[in-house]
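Have a look at the structure below, then the notes.
The values are calculated or read from the model by the stated rules, or taken from the named source; none is laboratory data. Note that the structure is predicted; figures quoted are calculated from it, not measured. A quick note on method: Cβ atoms are made from the backbone with ideal geometry, for glycine too, and the neighbour counts reach across all protein chains shown. With ligands, DNA and RNA removed, areas are computed over all heavy atoms of the protein, side chains included. Shrake-Rupley method; radii C 1.70, N 1.55, O 1.52, S 1.80 Å.
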Amino acid sequence: MAKEIKTIGVLTSGGDAPGMNAAIRAVVRTALARGIKVKGIKKGYQGLLNEEIIDMEASSVSDIIQRGGTILGTARCLEFKTKEGQQKGAEICRKHGIDGIVVIGGDGSYRGAQALSRNGINTIGLPGTIDLDISCTEYTIGFDTAVNTAMQAIDKVKDTSSSHERCSIIEVMGRDAGYIALWCGIANGAEDILIPEKYDFNEQNIINNIIESRKKGKTHHIIINAEGIGHSVSMAKRIEAATGIETRATILGYMQRGGCPSAKDRYYASIMGAYAVDILISGKTNRVVGYQHGEFVDFDIEDALNMTKTINEYEFEVSRILSL
Ligand code: ADP
Ligand code: F6P
């Protein structure tokens with residue numbers, strides 16, 4: 001029989017994402033409702049190693065569900081990638097009476113959670129990243145808000161691009177994944193969508209598209225470029241030189257990671273936070289929570305990390321058809 005959980009820790013790790021606060025709030029309030037104490041660990045694994053640990057009450061998470069970022073702070077921590085760092089982290093948990101931890105972050109953060117679990121601390125991961133690049137889940141906390149933020153910004157760039165009859169390359173976030181770019185590409189009606197999973201690095205195709213769309217009378221040409229491809233500024237210069245059409249690059253950057261979370265991010269993050277606490281209490285450890293086929297589910301961390309996901313072929317094809 002698994003040891004009874006009396007105190008749960010919660011931390012956010014890796015890049016922040018809108019909705020992380022809703023998840024923290026749900027972890028804290030669900031645990032308290034189940035008679036379990038909660039400790040907030042500040043600044044991810046770095047804060048754990050530095051023992052930046054605070055008691056959390058129901059009021060500690062008042063008025064945060066609508067706020068972007070993470071009230072606990074986040075960090076990247078190299079020391080936690082070492083065995084010594086991981087053992088030290090588990091020792092610190094024991095010292096503070098923490099029997100289980102909810103880690104909100106991406107794949108890298110899950111590896112840290114796995115290490116804590118190997119060292120005797122029960123762990124549950126929640127998918128927190130704007131990139132949507134976690135294979136075991138169709139939903140990640142922050143993606144919905146980020147894609148809406150990017151979409152609204154791109155609408156604005158499109159207005160001025162049309163007025164000036166320019167071509168615009170707009171770079172959106174996504175370290176290795178093109179989900180934000182694909183979604184914006186469709187939602188903004190972009191003429192070209194460049195994502196790392198599909199791009200063939202043949203700029204001549206883009207140049208031909210621009211020339212063709214001008215012939216059809218289009219006054220703008222919007223290219224959504226994923227961060228994983230990057231180089232938007234130099235690409236704009238080359239395209240302008242080849243087409244004779246004024247071309248500007250806009251890199252949306254970190255504004256996509258901030259701002260108040262959408263209803264979807266608040267709702268899903270809340271359910272996931274509660275779910276994480278409830279499976280910890282039920283004796284599960286080394287699991288991550290996901291959303292698949294309309295349901296909240298959980299997987300073994302190792303299995304989750306071994307899963308792969310790719311851009312849906314049909315959705316990508318539709319994005320090409322609609323951009324004609
Ligand atoms: P994300 O969680 O968004 O993927 P990172 O990959 O930067 O972000 O990981 C966040 C943190 O998780 C890292 O700074 C490190 O502290 C921890 N981490 C990443 N990889 C490992 C690993 N292999 N073992 C232990 N901890 C890791
Ligand atoms: O993983 C989320 C993300 O915003 C990526 O899209 C981006 O490449 C990365 O984080 C940027 O991380 P940092 O905050 O370290 O610059």
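When the Cα positions of L48, M173, G108 are compared along the charge dipole of the chain, L48 comes out farthest toward the positive end, with charges on each C-beta of Lys, Arg, Asp and Glu.
In the chain the Cα-Cα distances spread across 10 Å bins starting at 0 as 6, 26, 29, 18, 13, 6, 1, 0 percent of all pairs. Charges were assigned to the Cβ only: +1 to each Lys and Arg, -1 to each Asp and Glu. The resulting dipole of the chain about its Cα centre is roughly 740 debye. Taking the protein heavy atoms of the stretch 144-257 in the context of the full set of protein chains, the accessible area attributed to carbon and sulfur is 50 percent at 1.4 Å. Under 17 Å from a label point set 7 Å out along the Cα-to-Cβ vector of E317, the amide N atoms of the stretch 192-213 belong to 198. For the pair R76 and E212, the difference between a 0.36 nm per residue extended length and the Cα-Cα distance amounts to 44.4 nm. A Cβ-based charge dipole, computed about the Cα centre of the stretch 144-257 with Lys and Arg at +1 and Asp and Glu at -1, lands at about 260 debye. Could you state the angle between the C-alpha long axis of helix 203-215 and the longest principal axis of the C-alpha atoms of the chain, as a value from 0 to 90 degrees rounded to the nearest 10? Roughly 60 degrees between the two axes. Under 30 Å of direct C-alpha separation, and excluding same-chain neighbours fewer than eight residues apart, K158 reaches these lysines: K198, K215, K216, K218, K237, K264. Pairs exceeding 19 Å between alpha-carbon atoms, taken from K42/K88; K6/K95; K3/K37; K284/K309; K83/K284: K284/K309; K83/K284. Ligands, DNA and RNA excluded, the heavy atoms of I193 present near 10 Å² of accessible surface to a 1.4 Å solvent probe. Semi-axes of the equivalent ellipsoid for the stretch 144-257, computed as √(5λ) from the eigenvalues of its C-alpha gyration tensor and ordered from largest down, come to 21, 16, 12 Å.
The residues of the stretch 144-257 expose on average 45 square angstrom of accessible surface per residue, using a 1.4 Å probe on protein heavy atoms.
Helix 143-163 and the longest principal axis of the Cα set of the chain meet at an angle near 20°.
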